[in-house]
Amino acid sequence: MKMSRELELKFKIDDNERRRTNDMYDAAFKPLGIEVVPHYTDTYTSTGHLYLTRIPGISAEQRNEIIVKMAEEGVATNVHYKPLPMHTAYKNMGFDIKDYPNAHQRYTNLITLPNHTLMEKEDIEYVIEKFTEIVKEYM
């Protein structure tokens with residue numbers, strides 16, 4: 001089934017908005033040592049719909065504190081990755097997160113930032129400002 005030109009244009013606009021947000025986030029966070037999952041490389045391009053950050057050296061408790069502080073500033077963040085051994089069904093099958101230290105570490109310091117096509121430039125700048133202020137307390 002062929003996509004209508006109107007729908008195709010809408011997807012292109014959405015992609016450009018996400019790319020703008022990701023580029024602004026990248027420029028602000030990479031110099032601080034905040035690790036980000038790349039969306040656009042020479043070998044692949046993602047939809048860019050999630051902006052995943054990793055803050056080196058923080059604990060799960062510190063990550064949760066950052067999420068709470070961001071919420072207090074009006075910014076909803078999340079953790080979009082939970083290793084399978086931490087899910088009840090996998091625990092019940094005998095999987096133990098202790099056997100997967102790399103997966104657990106990635107989960108421990110991961111925070112997902114808002115990234116949607118309705119964000120204005122001022123919204124993105126606000127997220128950058130608040131996230132930077134808060135994360136600097138932990139680095």
What is the calculated FRET efficiency for D42 to F95, with r their C-beta to C-beta distance and R₀ = 35 Å, to the nearest 0.05? 0.45
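Evaluate the relative contact order of segment 28-139 (contact order divided by residue number), counting alpha-carbon pairs under 8 angstrom at least 6 apart; express in whole percent.
Working: 121 pairs, mean separation 39.3, N = 112.
Relative contact order here is 35 percent.
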When the helix-only estimate is applied to the chain (DSSP H runs of n ≥ 4, each -39,500 (n - 2.57), divided by the residue count), what is the mean residue ellipticity at 222 nm, nearest 500 deg cm²/dmol? -15500 deg cm²/dmol
So for the pair E125, D23, with labels modelled 7 Å out along Cα→Cβ, what separation do we get in nm? 1.7
In the chain, helical segments from DSSP H whose Cα atoms cover 20 Å or more along their own axis and that average at least -1.0 on the Kyte-Doolittle scale are 121-136
Of the labelled options (1) 50, 41, 30; (2) 44, 36, 26; (3) 46, 28, 24, which one gives Cα extents along the principal axes in Å as computed for this structure? (1)
Count of lysine pairs, the chain, Cα-Cα under 27 Å, sep. 8 or more residues or interchain, comes to 20
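Every read-out reported here was derived from the displayed coordinates using simple, explicitly stated rules and does not represent laboratory data. None of these values were measured; they are calculated from a predicted model. Glycine also receives a Cβ, built like all others from the backbone with ideal geometry; neighbour counts cover every protein chain displayed.
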